Amino acid sequence: MGILEKISEIEKEIARTQKNKATEYHLGLLKAKLAKYRAQLLEPSKSASSKGEGFDVMKSGDARVALIGFPSVGKSTFLSLMTSTASEAASYEFTTLTCIPGVIEYKGANIQLLDLPGIIEGAAQGKGRGRQVIAVARTADVVIMMLDATKGEVQRSLLEKELESVGIRLNKHRPNIYFKPKKGGGISFNSTVTLTQCSEKLVQLILHEYKIFNAEVLFREDCSPDEFIDVIVGNRVYMPCLYVYNKIDQISMEEVDRLARKPNSVVISCGMKLNLDYLLEMLWEYLALTCIYTKKRGQRPDFTDAIILRKGASVEHVCHRIHRSLASQFKAPVPSTARSEWA
């Protein structure tokens, strides 16, 4: 039985298993096995050397944004509107076959925007060019999930499932669990909160599934078995995502209002160029970028050329951006922790 068949069998068993106190250990083990098989599925093939052609785009600018969506939702049109790059757009599916980069110039920052080929259902298993698309998406700072407003919530749920299965966690924070494998001493388990989803026995069973028999585990929040598995695997990517509903000119005002009120959502129309300015404002907020302006002694600040840093940057980061040797020339140590207004 191949990996795909094993994954399918485990998913079916999880779906038909009733979720209650008696089955929580069985479900925990199934989820651990599922995560292992999915990790094996995503390992790069040694035989294919040219499969990544067109996807090796060097990271540039101050931030990287990946455009993900099903075919014919308006990704290429959006790229052409927001950047000076012309991406082919047509009414048929799979117009874009490779990764096409563009640059958004906004508030003095250069934001790299990647137009990725359309994802189809089963992309995580390698259908279409799903694996390459998802691999590029993992390197982005923010994901823009482009959705067709005329097709309801179907596209969103399918895309979230595909990205979830390959370790991309959208709009979620990293679980607050301390985990450290040891060479001996068995499994040391502790928690600072009351756990309602995990128990010590379930944690031990999951660790044994991964052939881990000696480790320190400390739960600092009430996490689920899935979140604990994410901590063990260690290659999960947590990133913000903007759900952008395109083609709002083809739906009713009531539906537009409903979609616009959903969390992390923006409604636009590329065809009529509606609400694109607000989308840029939201993108800037999700990227968490900060403009730092310099000034010479006795002169007014220079607002024409900003130093772009991520929120949470320190004075030391600013010094390094100006010149690598600048921080070492200070008489007093340069603060290496973030200022409160940048946090």
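The values are calculated or read from the model by the stated rules, or taken from the named source; none is laboratory data. Everything numeric here is computed off the predicted structure, so don't read it as measured data. Methodologically, a virtual Cβ is constructed for each residue, glycine included, from the backbone with ideal geometry; neighbour enumeration extends over all protein chains shown. Note: areas computed on protein heavy atoms with side chains; ligands, DNA, RNA excluded. Shrake-Rupley method; radii C 1.70, N 1.55, O 1.52, S 1.80 Å.
Computed extension gain for Thr150 through Asn235, at 0.36 nm per residue and net of the alpha carbon distance, reaches 27.1 nm. Taking all protein chains into account, the per residue accessible area for the range 157-203 stands at 58 Å² (1.4 Å probe). Full extension of the chain between Arg220 and Ser328 gives 35.1 nm of extra length, using 0.36 nm per residue less the Cα-Cα distance.
Per residue, the accessible area of the range 290-329 comes to 76 Å² when a 1.4 Å probe rolls over the protein heavy atoms. Here the simple spin-label model places points 7 Å from the Cα toward Cβ, and for Met253 and Thr85 these points are separated by 3.8 nm. Between Arg310 and Leu276, the FRET efficiency estimated from the beta carbon spacing at R0 = 25 angstrom works out to 0.55. Would you please classify the overall shape of the range 290-329 from the alpha carbon gyration tensor, given that a ≥ b ≥ c denote the square roots of the eigenvalues, rounded means a/c under 1.5, and beyond that prolate means a/b larger than b/c while oblate covers the rest? In terms of gyration-tensor shape, oblate.
The candidates Lys59, Lys183, arranged from most to least accessible area with a 1.4 Å probe in the full protein assembly, appear as Lys183, Lys59. The phi-based Karplus calculation (6.51 cos²θ - 1.76 cosθ + 1.60; θ = phi - 60°) puts the 3J(HN,Hα) values of the range 303-313 at 8, 8, 9, 9, 8, 9, 10, 7, 4, x, 5 Hz, whole numbers, x for Gly and Pro. In this structure, the amide hydrogen of Thr85, modeled 1.01 Å from its nitrogen in the peptide plane, lies closer than 5 angstrom to those of Val103, counting only residues at least 5 positions away or on a different chain. For the pair Ala15 and Ile3, label points projected 7 Å from Cα toward Cβ lie 2.2 nm apart. Solvent-accessible area assigned to carbon and sulfur over the range 290-329 amounts to 49 percent, based on a 1.4 Å probe. Close amide-amide hydrogen proximity is noted between Ile187 and Ala215, each under 5 Å apart and 5 or more residues distant or on a separate chain (H modeled in the peptide plane; Pro and chain starts excluded). The label point for Arg321 and the one for Glu285, both projected 7 Å from the Cα toward the Cβ, are 2.2 nm apart.
Paramagnetic label reach from Thr194 (point 7 Å along Cα→Cβ; backbone nitrogen cut-off under 16 Å): within the range 16-33, no residues. Over the C-alpha atoms of the range 210-343, the Rg to Rh ratio, Rh being the Kirkwood estimate, stands at 1.13.
Backbone amide hydrogens, once placed in the peptide plane, bring Tyr106 within less than 5 Å of Ile111, excluding anything fewer than 5 places away on its chain.
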